[in-house]
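These notes are about the structure you will find just below.
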Amino acid sequence: MAGLGSRTVGKAFDAVTTEHVQLRALRDEIAALLAARPDRRWRKTLAARLQELSGRLAGHFALEEKAGLFEDLEEALPEASRECARLRADHPWLLAHLEDLRDRLAPEPKGGSEAIKASLRTFLEELARHEERENALLTQAAEDDELGAVD
Ligand SMILES: [Fe+2]
């Protein structure tokens, strides 16, 4: 079977999985802010972390797309082509959704802080699921690649 090949395993795979770990740390940081009781600095601190997440996500998605990650995954796992298409389509949607939430937070949380907290928690869960689905495909493709190398 077609494996991932050294191109993806050696370059994009490591970079993407490293960024997934870093993004998870930032997601955890934002989740902790959402669990905290809002004080005077809460909105500004949260807005700053969301700005950071927005920039890092845009860079991360661009890395995955420019590296041809989904094309390589489709080649390695033809049965996952629909899942790859869904993951690719998630990218612009996730970025637009995050921008919308950032707009709702400034200058004052529209609908109150509890409403924006709930929306942000849902967003973080959706983002986590997206990255987990990518990780699952990457792991499967890498395992298949290793099996292929043994043959
Ligand atoms: Fe990703």
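The values are calculated or read from the model by the stated rules, or taken from the named source; none is laboratory data. Everything numeric in this text was worked out from a predicted model, so none of it was measured. With ideal geometry, Cβ positions are generated from the backbone for all residues, glycine too; neighbour counts draw on all protein chains shown.
Restricting the search to helices (runs of 4 or more DSSP H) fully inside the stretch 64-151 and requiring at least 1 residues that are basic (Lys, Arg), within 21 Å of the chain's Cα centre (by Cα) and surrounded by 14 or more Cβ atoms within 10 Å (Cβ to Cβ) gives 81-105, 113-150. Residue-level analysis places Leu77 among those that are within 24 Å of Ala141 (Cβ to Cβ) and aliphatic (A, V, I, L, M). Only one entry in Ala36, Ala12, Ala2 is crowded, with 16+ Cβ neighbours inside 10 Å, over 12 Å from the mean Cα position of the chain (by Cα) and modelled with pLDDT under 95, namely Ala12.
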